[in-house]
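Accompanying notes for the structure given below.
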Amino acid sequence: MAGTRRSFLQSSVVGATLFALPRSLMAEALDSIRTTFDKAKMRSPEDIATDESLWETVTRAFDLEPGYTNLQTISRGVSPRSVIDAVVDTFRRDNDIRSGGNLVPGREDAIRKQLAAYVNCVPEELAITRNTTEGVTTVLCGWKLQPCDEILTTTQEHEAFYGTLARLEELNGIVVRKVRLPVPATSPDELAETMETAITPRTRLIMVCHIYLTGQIFPVRRLADFAKTRGVKVLVDGALSFGQIKTDLAELNCDFYAASCHKCAGGPRGTGLLYVRPEHIAALPPLFGHIDISTMKSGDHSTAMEKYERVGTQSQAMELSLGPMLELHEAVGIERIQARLHYLKQYWAHQVEGEKNFRFTASLDPRLSCAALGFDIVGKKWVDVAKPFRETEKIRISGAWIDGEYGKPETWREIILVNPAIFTTRPQLDHYVTALRKVAHA
Ligand SMILES: Cc1ncc(COP(=O)(O)O)c(C=O)c1O
């Protein structure tokens, strides 16, 4: 492989292929994934999910550190080799004087189309952003609300967004109401009803996650349908769901959706997307002001999603490297990925389910959780588990804090968050379960 890579770089820098697409060095690995999964096309995703030999071809697409078990891609994603190579190669081209800044004409449009197809919307409804934070903040700060209008959300959102919400309260007189979702919920309806019954005549905007830090999948479609009957807009934070479960924007029926590609999907660090329902684009200004050069006036009310991408100079390497991420997902298929991730979650969780002291924060029902699963162990703090995992067992996990009050750190509940990825193997989960029992009973 090293030889192949070197010769590719040489030919790309000095040869006629300078401005060609950074054709994936992983073509062979991708072909092998395609062939392997094509051969299995008559089998159901649930059947394929249990077949280790098929998934080994996916694991081989990643350069993983031997001996380490990575169960934290929900907070810190890992890209396949094809994405990393594309980033490096594109960055190199971007610095080449002969490129003139126009690396691959038409490539961005092609990627937008591919991404739009992946999330089932039209390219004109999609902006490529740097992350979920950018997309969510664009909506929270840009959607016009009057003093005393309400934003309804939960006590389980990403902590940074409470800062933005507090600022809206302070500067604009917006009222922010936070609902405590049941943990774990026993049905999707229970989650939806908790939000629906909290809507008041002053509610204008609802913000929910598609997958919460607890691992719970929120029934977005049901809430979005209900909110429409009340004239309330719905913003969905897809940071943890994108690449883990299917994102079908036509099906979700929400008004705004923001996600990061660099977590579960394995995209380059610093890539995300923002979807805005077409009828809202003119009314939602971008985070940064800019001038529309055809009128030399503010572009705030433009109907082109491009306005959300005007964030000053940035590397094209990240956006142009979304192609290999999508190729891998297309080669395997998101339904199969979702089924595999759910299977891996069940594989480890069933082994400790019911054991003294373990409390899951999501049901194992596939309608209520996929790969990500939160839990706590009575009497143990996150660090009591994470430290020996890191130092002795070479296992990486995430932690999360939920259900607390803004400005009162002592009120937050600490949970452990674990998510297998598409490259995770069963032997790694066996090692993890053994280690978990060891720390739980220490
Ligand atoms: C639920 C949730 N939303 C949003 C974010 C922010 O994602 P990003 O840093 O990619 O913008 C995070 C980060 O971990 C998160 O957990």
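The values are calculated or read from the model by the stated rules, or taken from the named source; none is laboratory data. Quantities reported herein were computed from a predicted structural model and do not represent experimental measurements. For neighbour counting, all protein chains shown are included, and Cβ atoms are generated from backbone atoms with ideal geometry for every residue, glycine included. These area figures cover heavy atoms from the full protein model, side chains too; ligands, DNA and RNA do not enter into them. Shrake-Rupley method; radii C 1.70, N 1.55, O 1.52, S 1.80 Å.
What percentage of the solvent-accessible surface of the chain, computed with a 1.4 Å probe over protein heavy atoms, is contributed by carbon and sulfur atoms?
Percent of accessible area from carbon and sulfur atoms in the chain: 54.
Is segment 120-254 rounded, prolate or oblate when judged by the Cα gyration tensor, a ≥ b ≥ c being the square roots of its eigenvalues, rounded requiring a/c under 1.5 and prolate requiring a/b larger than b/c?
Rounded shape, in that the Cα axes give a/c under 1.5.
Classify segment 25-99 as rounded, prolate or oblate from the Cα gyration tensor: take a ≥ b ≥ c as the square roots of its eigenvalues, call it rounded if a/c is under 1.5, otherwise prolate when a/b beats b/c and oblate if not.
Since a/c reaches 1.5 but b/c is at least a/b, the shape of segment 25-99 is classed as oblate.
For segment 280-294 and segment 55-117, what is the centre-to-centre distance using only Cα atoms, to the nearest Å?
With segment 280-294 and segment 55-117 each reduced to a Cα centre, they are spaced 29 Å.
Comparing 338, 244, 316, which has the greatest mean-square fluctuation in the GNM of the chain with Cα pairs linked when under 10 Å apart?
Evaluated over the chain, the most mobile residue of the options is 316.
Counting only helical runs of four or more DSSP H residues, what would the 222 nm mean residue ellipticity of the chain come to if each run contributes -39,500 (n - 2.57) and the total is spread over all its residues?
Rounded to the nearest 500, it is -11500 deg cm²/dmol.
Per residue of segment 64-79, what does 6.51 cos²θ - 1.76 cosθ + 1.60 with θ = phi - 60° give for ³J(HN,Hα)? Whole Hz please, x for Gly and Pro, Karplus curve as stated.
So the J values, rounded to whole Hz, are 9, 6, x, x, 9, 10, 9, 10, 10, 5, 5, 9, 9, x, 10, 8.
For a test of understanding, tell me how many lysine pairs in segment 320-419 have Cα atoms under 20 Å apart, given they are 8 or more places apart or on different chains.
Step by step, the pairs that qualify in segment 320-419 add up to 7.
What are the ³J(HN,Hα) values, in whole Hz, obtained from phi via the Karplus relation 6.51 cos²θ - 1.76 cosθ + 1.60 with θ = phi - 60°, for each residue of segment 296-306 in sequence order, with x given for Gly and Pro?
6, 10, 3, x, 3, 9, 4, 9, 9, 4, 4
Over all Cα pairs of segment 260-312, how is the pair count split among 10 Å bins, expressed in % and running from 0 up to the last occupied bin?
Cα pair-distance distribution for segment 260-312, in percent: 24, 42, 27, 8, 0.
From Cα coordinates alone, what are the radius of gyration and Dmax values for the chain in angstrom?
22.4, 69
Ratio of alpha-carbon Rg to the 2.2 N^0.38 Å globular estimate for segment 286-368, to two decimals, please.
1.91
Just add up the charged neighbours of residue 290: K/R +1, D/E -1, any other residue whose Cβ is under 13 Å from the Cβ of residue 290.
-1
Calculate the all-directions average of the projected area of segment 73-199's alpha-carbon convex hull, and give it in nm².
With every direction weighted equally, the projected area is 11.8 nm².
Excluding residue 366 itself, calculate the net charge of residues whose Cβ lies under 10 Å from the Cβ of residue 366, where each Lys or Arg counts +1 and each Asp or Glu counts -1.
0
Find how much the distance from residue 229 to residue 120 grows on full extension, using 0.36 nm per residue of separation minus their present alpha carbon separation; answer in nm with one decimal.
Taking 0.36 nm per residue and subtracting the Cα distance, the gain is 36.9 nm.
Could you order 348, 143 by accessible surface area, starting with the largest, using a probe radius of 1.4 Å?
From most exposed to least exposed: 143, 348.
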